[in-house]
Every structure is written in C-alpha cells, then in structure tokens.
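Q: Submitted below is the structure of interest, expressed as structure tokens.
The values are calculated or read from the model by the stated rules, or taken from the named source; none is laboratory data. The structure displayed is predicted, hence computed values, not measured ones. Here Cβ is always computed from backbone atoms with ideal geometry, including for glycine, and neighbour counts include all displayed protein chains. What goes into the accessible areas is simple: the full protein's heavy atoms, side chains included, and nothing from ligands, DNA or RNA. Shrake-Rupley method; radii C 1.70, N 1.55, O 1.52, S 1.80 Å.
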Amino acid sequence: MFATALSSLLAHKLRMLAVATAVLLGVAFMAGTLVLTDTVGRTFDNLFGDVYKNTDVVVRAKAAFDGPTAMGAQRGRVDAAALAAVRAVPGVREAQGNVLGYARLIAKDGHALGHPSNGAPALGGDWTVSTRLNPYTLAAGSPPTAADDVVIDRKSARDGDLQVGSVTTVLVQGPPMKVRVSGIATFGSTDSPGGATVVLFRSDVAQRVIAAPGTFDQIAVAADRDVSSSQLASRVRAVIPSTAEAVTGAAVTKETQDAMAVAFSFFTTFMLVFALIALLVGAFMIFNTFSITVAQRTRENGLLRALGATRRQVLAAVLLEALIIGVLASVAGLFVGLGVAVGLKGLLGLIGFDIPASGVVFTLKTVLVSVLVGVAVTCAAALSPARKAGRVPPIAAMQAGNTGVAVSSSRRRVVVGTILTAGGVATLMTGLFSSVGKPVTVVGVGALLVLFGVSVLGPTVARPLSRIIGAPLARLRGVTGDLARENAMRNPRRTAATSAALMIGVALVGFITIFVASAKASLNDTIDRAFTGDIVVNTGAGMSGGVDPAFARGLTTLPEIAAASGVRQSLALVAGDAAIVTAADPKQAFQILDIKPLSGSPDQLGVDAIAVHKDTAARLHVRVGDVLPVVFKDTGPKSMRIAMIYGEIQPARTYFMSMAAYDANFSNRYDTMVFVKKAATADAAAALQAVKQAAAAYPGVDVLDRAGFKTDQSKPFNQMLTLVYALLGLAILIALLGIANTLALSVFERTHEIGLLRAVGMTRAQLRASLRWESAIIALQGTALGLVIGIFFGWALVRASSSLGITTFALPVPSLGVIVVLAALAGMVAAIGPARRAARLNVLKAIVST
Amino acid sequence: MTTLLHPPITATQAAARTVDATKVYGRGQTEVRALDGVTIEFAQGQFTAIMGPSGCGKSTLLHCLAGLDDLTSGHAFIGDADLSALNDNELTLLRRERIGFVFQSYNLIPTLTALENIRLPLRLAGETGDTDWISTVIDTLGLTERTAHHPAEMSGGQQQRVAVARALATRPRIIFADEPTGNLDSKAGAEVLAFMRRAVDDMKQTIVMVTHDPNAASYADRIVFLADGRIVDEMEHPTAVRVLERMKRFGE
C-alpha cells in the first residue's frame, strides 16, 4: 500500500503541492512563534541572570496587592533610613538604594522617545555607584557627577541622536529638567532592557525627580564571600521595618524572568491563535482536495478492491498519502518557521519591543509540537475522504467515472449542522454574557462550533446561494456567466467546502472590523457626550507618568481658558479587586467633563471619598454613603466613602476620586492628560495657541483639539486592526490557495466538457472568463456566509463589552463593501492559474478523454 | 468574419476540401503517416460517410477538416478559408459559426438543459439566432417535449438528437459527425441517422460522417474509403450490403 500511496502522490504532484503549502504555512507560523518565544525567553533569562548575578539580597516594601497579570505585585517604597541599618549587618559587603520610575527622554530633534502608553516603558532611575550591583555598564562617557548629569541607554542614544556631552530635556516629576548626557550605558549585553528608554541620575537627584526624597524602591545587597544569600536575607530581615521584606537576589531574578515570560506569553498566545486559524483553514482545503481526488479515483479504488484490497487497505493508502504530505510539509514548515521567527522579531521591534540579537533557540518541544500538530491536522482532515475511499465497492471499477452532478444534501446534514450552529451560538452567548470560568476559552469554543456548524450546513445552502450570487452574472455576462453559475452549483459539497475556508477568514476579518468600528464609534460617542471641553493635552505616558501638575494649574490662570484639570490614573485594590482609579480636580474637571452624576454630588468628593460607576455600584450592591475598603500601594488599607455614582464609563472608568484624595494616597505627582475648556469669549484657535505655548516647555506632549483627540484615541484601535488584518492575511491566502486548487481539480475533471465547449466555439478568453466568474461566485459565497457570521460575532462581542465602554454597535458598510469586492477580486486572481491551464488544453485530446 | 476570408487557391463550390493533406505522428522509427496526401472535396448539400479499417486515418481527416487538429503539410479548407492560416481564436470563431459537431458520446454540457445546449454556439457568439429555425429543428428532431431536460434525464438517443439539433442550430456550412451512433442501440441509431438524412434532404445541410458501421454508412450519398492514410475507393448511393462487401475486401 505504501507503493500505491507514493505513486499516487507522485502522479498528482501539483495538487498535493498546494495541500502541502497550506500545511507548511500554518506550521511555519506556529513554529516561528514557538521559536521566537523560546528565543526571547532564553535571552531575557540570561540577561537578567547576568545583570543581577552579584545581587544577593534585595530589600523592598512588601506587596500591597497583586495587580493585573501584566503589572505584577504593587508595592510602595522603603524608607532610606533602612540603608544604613542594612549596611551595618555583618556579612553585607555592599548595599545600594535604588529608585525606579518614570522619566521621558527628549530626542535631539525635540520628540519624546518611546511609547510608554502602549509599548516599552520610559524608565528613570539612579546610577548605582557600585559596579558590582549596577546592572548597567558604561559604554562611553562617565557616571553622573553633577546634579544635571545623566547616563542614558545606548538604544535611546542612537534613536535620539544623543552623544556624550549632548544637552537635552527629560520630563520628570516637577518641571522639565535640562540635562547633560555624561555617559551612555548598556544593560548587560544589550543596548536597553527590552527596548525601554532609560535615564539614570545621581542617586540623590533620582530620589527627588523620580521617586520621593528619602525613599528607595529597593535596596540591593552584595554578600561577603563567606555568607550565603539566604543567610544574609534572614539577617537583614531583622533590621528592616515590618513593612519591608528581604528576599534573595535569585528569587527576584526569577520573579523578573517570570514576569517577562508572562508578558510575552500574551503575544505567544495571540500569535498561536492565528497559526491555528491558518491551520484550520488549511484543514478545509486538505479535506476538499482529498475528497475530490478520492472521487476522481473511484474507479482506481474499485479496481484495487476488485483485485483483493480490503477496505482498510484502501483507507490506509489514502491516509498514508496524507501522512507523507503532513510529515514533509510540517518538517519544511519547521524550517520556514525559523525565517518567520526572524520576521516576527522585526515586527516586535517595530512596535517598540526590542529583542537583543542572539542565536535562535530551537527546542525539541518546538519540533515535536509543530510536526505533531501539522501531521495531525493533515491526517484528521483526510480521514473522512479516506473512509469514503474505503467504502468504494469493487464494482466501481467497471462503472463509468462519476463526473456528473452530485447528490443534494441529506437530512442528517441539516440536523447536525443546525445543532452544531445553535450549540455554538449558545456557548458563545454563555461565554459572553454570564460569568463562567475561562470566558475566553468558552467564547472561542462557541465561535469554533458556529464556524463548523455553518460549514456542515454549507452544502445545503451552496446551491441556492450560488444561484443568487450568480444571477446578475448570468444576466450580464451571457453564457460565460451562466456556465460559471451552473458549475458553481453543480457540486454544492465541493463549492461549500472550498468557500468554507474563505468563510472563516472573512468571518474573522468582518468581526474584527465591526468590533473596532464599534469601539471607535463608542469612543467618539463618549467623547461627544462626556467631554464638554475643547482641548486635550496628552502626554502619551499612559499610567506610568505624565507632566507636572503645575502645568494644569498654570493653564487655569490664562485668560483664554475657563477651566483645566489634570487627569491621573493608578492602580488600587478596591473592594478586593485590582482596579484603575481615575483622579481629577472636581472643581475644574466637572466644568469640562460630564460623567453624568446619578446620585450624590461631586462636592462631597473629599480626601476620604470615592465615586463609583453605576454598573460597578450595582455589581457591588453599594450606594452613596456606603464605605468601600481600598488598598493603596503607598499608604496601605483605607476606608473610602462613596460620594457619588455616575453613569459615564469614560474617561473616569469604574472609580473616580478627587486630586486631594489622590495626593493623600499616591506618592507620584504626574498628570497623564490635561482636559481644557476655553473661556466662552475666547476664540478657539487662540485658546489652542495659548495652550500650545504653555505646553512648549514640555517637549513631546500632544496638544489636541476635539477632532484631534478623537483621532488620537482611535490610534491604538487602528494599529490593532492593521496587525490583525496582516495576521489573518495568511489564513485568507491559504483559503485562496484552496479555491485555486479546487478549480484546478474541477478543470481536470471537466476536461472532456471543456474540449466540447471549445469545439463548438468557446474562445480561450471566454473559457478563462467563465472560470474566473466561477471562482468569484465561490469566493463571494464564502464571503457572504463569513460576513453574516462576522456580523453576529461582532454584535455579540460589542453587546458583551459595555463594561469596557463599548456601547455603540457600528456596521461599517463601506469597509464591509470593500471586503466583498476584494474577496471577489481575490477569487478571480485565484482562478488565473487554473483558467490558463484550461485554456491551453488541446481541444482534440480533451474531447477524446472521458 | 472578413479575417477568415483568405484568397482561395481555386474557386470551388465545395463546402470543405483538402489538398494533399498529410498528417504525420512521431518521428523516425515510430513515425506514423495518419494521412498521406489526401485530396478530396465535400460538395455542398451532400451526406458523405468516411469509412475504413481502424487506424486508416478517417478520424484524423475529420479532425483536421474541422480545425481541431492541424496538418503536417497540405491544406484543409472550410469554404474558402484555409485552416492552416488561422490562429486559435480565428479557428474557434470558424468552428462556432461555420461548423457543426456531433461526437460519439458525451456530446452535451451536463449542467445545461437540452435547449441551452442547442443554443450554446449561438450564445457563445452573443447571438439569439433564428428562433423559427431552431423551433423547426427541435420539432423535426422530436425534441419539443425535452427542451427543459438536462442530459442526465435523457436517453442516449435523445442526447444524440440534441447534439444533432445543436449542430444544425447555427445553419453551419458543414456538420462533422464522428461515429454519431457508435454508442446507441440499433433503433435509436436508426432514428438519429434518419434525422441526419432529413437535415440534408429537407434543410440542405452538408454532413461528413466517420463511421465503421456499414448500416450507418448506407444513409450517406457517397462513401469515401480510406486505408493507410490514403483514399482507396469511393462509392455513390451505397447500400448496406454493398458497403459490407467492400469492407470485407479490407481484410484481404
């Protein structure tokens, strides 16, 4: 049977090449992701292991609470007095206090470096005098000695065109600071820790401008040779305050490595999802190709059975063929995956996540997972066609080839398809609207069931759908359109299976398009409803930093400005859940923002008060006057009275407090955004100009009018859309490959018919056009079903995302129209190859073949 | 169609003709001369049968005359058009407009109905054609009840009659039939041949038919016998008995 499988493979090289390509692309994407994950993991493990190798003990504040997964434990700072106590502990060779916070470096040309709101952080800290404890190594220049000296990372120096001796600005706590670059450093063997921008000050300066005077974020300790880290840690523990902890350097390094791995695992999961989508689409193509070839080989298989092959042997021969393709394509995919890993690394670099150049980590796990998944997908997809091949009766050898019109769908198909689809919808809705464990998995399974269900129903609807889609063609394009439509209709199962692959791709593209459009529309609606001001100053610092609060205060004194308020956001543990707390100056802010107070009053927002969004209040069963337990990382547990309940989720999110309450509980002093309302009498342009002038002292901040603010806020969505489109492109490419392959097989099957058409007067151009239209009908069919599913997915997710502020369901008709047109065009492109082959057929030979 | 009008070598009334038509397959040791200098005319309004033993070149002659295959040397004409001077597109248009085909089997497009199959060459040309004529053809061939049927729903004889109707639909200069009754039982075959005869007698069509069946050949006005790629004999007003007699001599 092996010989049979092999010779069959060799006889159908081209069609099997297409199948192999589909498997190869999916596996390459998966292998690439795994290789990159391992490479990044190993790189950062080595890096952190290296730079912290001499740090034996770390003293830091105990964790106040755990933040969301990506942000880790939230802790305050330790009193600087602890340093002297630690240094006095026997066995301590050296100890240094470190601070770590926000500092935004301005490039030579005046733009702010990095994208801390959605990329690698903008870090500020102290230059550790001890070379043993300093993770940074000077590459040029000297350590900071003057108060305005800084050492910067080599990546920022390169990106910002800064050299030793350059004078530039750093945005820190308080007013912007003029600094001189005294040195340029590397982080271990890399230019920067993970692409972050780093500015390192003299320790006392860093305490003042980055953290708070008299405090450290941690104290790093190097042990004497004769004492172990754990021994020293317990000795140190005895001399530090109860709010602080002493842990071994190895434990901290492990924490950092794990945090990095967790952060990167989001990316890994994200990419693997797309790899699996590509493989799923590929599975449809494999199924289809094998179904067609098995049907075409009915006679051959009948002959094998007549000659004494058992069912099992015929089945095994087909599966063996799939296995050979699966193994070859997966192994090839594995190696292509190495290239993909390099490409993905470049992609990460583009979004600001720099991975130090080092060798590629190619683990056995990657090999096993990639090859196993690739082979499993190929064989699973070929199983049903293989069983069909096994069921061919010996008498088939004596019967004419079956190229006629296929039987219509069975009742069982309708029942199974409907059950799958309905079950999928129910699962999806359960995952979205009720609280279940692992909602993402539940939703994913639901979506998958819907896609499978519709695929099963596909052949039932393929005929009428082709008839409808092809109707205008038949009318406008005459006989070529007519034949295209008839051919698309003649084998509904094949048409359905071919278009199903595209359906999946389009469903996801449509879904993400609708979701993003809805998110943007919601955002715009919210801004229209809640933002009654005129100008927004965005520092682009995200939650990590911003500008000096003095900036907003200064704006209020301008004659063109009626009100201005800084807005800050930080994490706190409210009623047991880590949440973002937004703060602003109530007196100013409520002239600019209308967060729709429902009960209570903004006047009551004092130092001990908090405001809660209505949905959260309902979830917690609280109302105005109730007290919420809140834990702050800097000041610990507090009781906050609910002063107000409000209805608008943006920009205040779920919890809001006054600036006074914020200042009382957080040590950082940054406004991440400033909202501004112009004076009634002031000209809009003049007001904008006045704010811009005031902001000139803070390079790198954006001064935006209403429209600009909307655009600015939409940017992350657009970036996400582009990324997802690019990633889904692979699945769509495979789907188109599938259409081309089906068409090629159909052409092969219809050789005689094509000869006949040519004999009675069909020109080559007409034949090509007819096949192109047929392909377009198949593509449009997948697109139509995909869009219906995509709209449903989009609608469901939008409805389930109201707590994220996505409340408006938008149907971006122009974008969806573009998708339809592109799908039709892509279908026609996919037909080019098969159409050319068909047109080149020798008429006489084609007629003679039966 | 002016592109198809090439200067004739000699003025003629023939619907189709060949001049020294030679077709060679293979080379050297494996060389086969399927046609070896065949010069023949097919007069307008005549029903000609081409006969001969297997491999005599009769099908090759038909294919070369119909523009489905090209000659190694010599010329084939449909009316005044020299086929060797036409490119693929011109040949296609010529087949569509001046030639009708009836093949041995699988003559029809399975996805189209009988009427659609009949009108296929016209629709490919973007024409509606002469609807009265088409109705007459359908009527004559007894297909009125079958026009909406798909090929799979018709008997072999009915399918072949649809093929004949299609060949007649464009009122071509000439119809080529390649063993049109080869796959039919004798009753259905006789029907189809009778209709072909009527097409010549009543509709003034020209038919050239390749067959190995003396009975089928007896419907023709004239029989041309081929052997080893050459014309070896001709017979006017044949009968089945005379044809059988002649065919027996090929075995000697």
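Q: When you go through A:G510, A:G478 one by one, which is the residue that is more than 19 Å from the chain's Cα centre (by Cα) and either of a type outside the set (A, V, I, L, M, F, W, C) or more than 30 Å from B:R123 (Cβ to Cβ) (or both)?
A: Only one candidate qualifies: A:G478.
Q: Now for a separate question. Tell me the residue from A:L767, A:L704, A:L730, A:L797 that is away from chain B (no Cβ under 14 Å), at pLDDT 90 or above and crowded, with 18+ Cβ neighbours inside 10 Å, please.
A: The match here is A:L704.
Q: In addition: Given the conditions (1) surrounded by fewer than 19 Cβ atoms within 10 Å (Cβ to Cβ); (2) of a type outside the set (G, A, S); (3) in the same structural domain as A:A329 (by TED's automatic domain parsing); (4) touching a residue at least 12 places away in the same chain (Cβ under 8 Å), and given that A:D226 satisfies all but one, which numbered condition is not satisfied?
A: Status for A:D226: all satisfied but (3).
Q: If you don't mind, another one. Can you report the number of residues in the range A:277-330 which are open to solvent by 10 Å² or more (accessible area, probe 1.4 Å) and among the hydroxyl-bearing types (S, T, Y)?
A: Result for the range A:277-330: 3.
Q: To continue, here is another question. Quick one: is A:G470 over 27 Å from the mean Cα position of the chain (by Cα), open to solvent by less than 50 Å² (accessible area, probe 1.4 Å) and farther than 30 Å from B:T111 by Cα?
A: When the stated conditions are applied, A:G470 does not pass them.
Q: Out of the residues in the range A:655-697 that are among the polar types (S, T, N, Q) and assigned to a helix (DSSP H, G or I), state the one that is surrounded by the fewest Cβ atoms within 10 Å (Cβ to Cβ).
A: Per the criteria, the residue is A:Q693.
Q: Inside the range B:98-131, can you point out the residues that are more than 7 Å from chain A (Cβ to nearest Cβ), touching a residue at least 40 places away in the same chain (Cβ under 8 Å) and assigned to a helix (DSSP H, G or I)?
A: Within the range B:98-131, B:R98, B:A114, B:N117, B:I118, B:R119, B:L122 qualify.
Q: Name the one entry in B:R249, B:R230 that is more than 26 Å from B:I134 (Cβ to Cβ), surrounded by fewer than 21 Cβ atoms within 10 Å (Cβ to Cβ), more than 14 Å from the chain's Cα centre (by Cα) and free of Cβ contacts under 8 Å to residues at least 12 places away in the same chain.
A: Just a single option satisfies the conditions, and that option is B:R249.
Q: Need at least 3 residues that are more than 23 Å from A:F201 (Cα to Cα) and open to solvent by 30 Å² or more (accessible area, probe 1.4 Å) per element, so show me which strands (runs of 3 or more DSSP E) inside the range A:52-118 make the cut, counting only ones lying wholly within it.
A: Ranges flagged: A:63-66.
Q: Same structure, new question: Looking for whichever is within 30 Å of A:Q693 (Cβ to Cβ) and not small (G, A, S) here; the options are A:V506, A:V479, A:V537, A:V516. Which one fits?
A: Being within 30 Å of A:Q693 (Cβ to Cβ) and not small (G, A, S) holds for just one of A:V506, A:V479, A:V537, A:V516, which is A:V537.
Q: Here is a follow-up. For A:G576, only one of the following conditions fails: (1) over 16 Å from A:D663 (Cα atoms); (2) in contact with a Ser or Thr (Cβ under 8 Å, 6 or more places away or on another chain). What is its number?
A: (2)
Q: Only one of B:L62, B:L68 is in a loop (DSSP other than H, G, I, E, B), within 17 Å of the chain's Cα centre (by Cα) and within 21 Å of B:G182 (Cα to Cα); which?
A: When all the criteria are applied, what remains is B:L68.
Q: Additional query: Check whether at least one residue in the range A:339-348 is at pLDDT 85 or above and within 15 Å of A:V23 (Cα to Cα), and report yes or no.
A: Yes: one or more hits.
Q: Moving on. Can we say B:A43 is among the small types (G, A, S), open to solvent by 30 Å² or more (accessible area, probe 1.4 Å) and either touching a Ser or Thr at 6+ places or on another chain (Cβ under 9 Å) or within 14 Å of chain A (Cβ to nearest Cβ) (or both)?
A: Considered against the rule, which asks whether it is among the small types (G, A, S), open to solvent by 30 Å² or more (accessible area, probe 1.4 Å) and either touching a Ser or Thr at 6+ places or on another chain (Cβ under 9 Å) or within 14 Å of chain A (Cβ to nearest Cβ) (or both), B:A43 comes out as yes.
Q: How many of the residues in the range A:128-177 are under 19 Å from A:F48 (Cα atoms) and part of a helix (DSSP H, G or I)?
A: Adding up the residues that qualify gives 2.
Q: Related question: When both residues are 6+ apart or on different chains and their Cβ atoms are under 6 Å apart, which pairs have a first residue that lies in the range A:725-736 and is small (G, A, S), and a second that is open to solvent by less than 30 Å² (accessible area, probe 1.4 Å)?
A: These pairs meet every condition: A:A731/A:I277; A:A731/A:A278; A:A731/A:V281; A:A731/A:G505; A:A735/A:V281; A:A735/A:A501; A:A735/A:L502; A:A735/A:G505.
Q: If you don't mind, there's one more thing I want to ask. So which residues in the range A:747-764 are more than 10 Å from every other protein chain (Cβ to nearest Cβ) and open to solvent by 30 Å² or more (accessible area, probe 1.4 Å), if there are any at all?
A: A:F748, A:E749
Q: Checking A:R836 against (1) within 14 Å of chain B (Cβ to nearest Cβ); (2) assigned to a helix (DSSP H, G or I); (3) buried (at least 18 other Cβ atoms within 10 Å of the Cβ), which test does it fail?
A: (3) is the only condition that A:R836 fails.
Q: Follow-up question, since we're still on this one. Considering only residues that are in contact with a His (Cβ under 7 Å, 6 or more places away or on another chain) and within 12 Å of chain A (Cβ to nearest Cβ), which ones fall in the range B:61-90?
A: Passing the criteria: only B:D69.
Q: Name the residue, out of A:A765, A:A726, that is closer than 30 Å to A:L279 by Cβ and of a type in the set (A, V, I, L, M).
A: A:A726
Q: Let me ask something else about it. Out of all the residues in the range A:602-654, which are of a type in the set (K, R) and surrounded by 22 or more Cβ atoms within 10 Å (Cβ to Cβ)?
A: Result: A:K633, single match.
Q: Another question, then. Given the conditions (1) open to solvent by less than 50 Å² (accessible area, probe 1.4 Å); (2) at pLDDT 90 or above, report the number of the one that A:P241 does not fulfil.
A: (1)
Q: Exactly one condition in (1) touching a Ser or Thr at 6+ places or on another chain (Cβ under 6 Å); (2) part of a loop (DSSP other than H, G, I, E, B) is false for A:G183; which is it?
A: Answer for A:G183: the failing condition is (2).
Q: Follow-up question, since we're still on this one. When you go through A:V170, A:V78 one by one, which is the residue that is in contact (Cβ under 8 Å) with a residue 24 or more places away in the chain and closer than 30 Å to A:R225 by Cα?
A: Only one candidate qualifies: A:V78.
Q: Just to be sure, is A:I580 β-branched (V, I, T) and open to solvent by 20 Å² or more (accessible area, probe 1.4 Å)?
A: yes
Q: I would also like to ask the following. Part of a helix (DSSP H, G or I) and within 14 Å of chain B (Cβ to nearest Cβ): which single residue out of A:R477, A:R553 fits that description?
A: So the residue among A:R477, A:R553 that is part of a helix (DSSP H, G or I) and within 14 Å of chain B (Cβ to nearest Cβ) is A:R477.
Q: Of all helices (runs of 4 or more DSSP H) completely enclosed by the range A:229-316, which ones contain at least 3 residues that are within 30 Å of A:A507 (Cα to Cα)?
A: Once the helices (runs of 4 or more DSSP H) in the range A:229-316 are filtered for at least 3 residues that are within 30 Å of A:A507 (Cα to Cα), what remains is A:249-296.
Q: Pick out the one residue from A:A251, A:A238, A:A246, A:A259 that is within 30 Å of A:A81 (Cα to Cα) and touching a Lys or Arg at 6+ places or on another chain (Cβ under 8 Å).
A: Testing whether each residue is within 30 Å of A:A81 (Cα to Cα) and touching a Lys or Arg at 6+ places or on another chain (Cβ under 8 Å) leaves just A:A246.
Q: Please give the number of the condition A:V843 fails out of (1) within 14 Å of chain B (Cβ to nearest Cβ); (2) open to solvent by 90 Å² or more (accessible area, probe 1.4 Å).
A: All conditions are met except number (2).
Q: Let me ask you something else. Going through the range B:162-217 one residue at a time, which ones are open to solvent by less than 30 Å² (accessible area, probe 1.4 Å), in contact with a Gly (Cβ under 8 Å, 6 or more places away or on another chain), away from chain A (no Cβ under 14 Å) and part of a helix (DSSP H, G or I)?
A: Passing the criteria: B:A188, B:G189, B:V192, B:V200, B:A216.
Q: Please indicate, with yes or no, whether at least one residue in the range A:184-196 is at positive phi and open to solvent by 40 Å² or more (accessible area, probe 1.4 Å).
A: No, the range A:184-196 contains no residue that is at positive phi and open to solvent by 40 Å² or more (accessible area, probe 1.4 Å).
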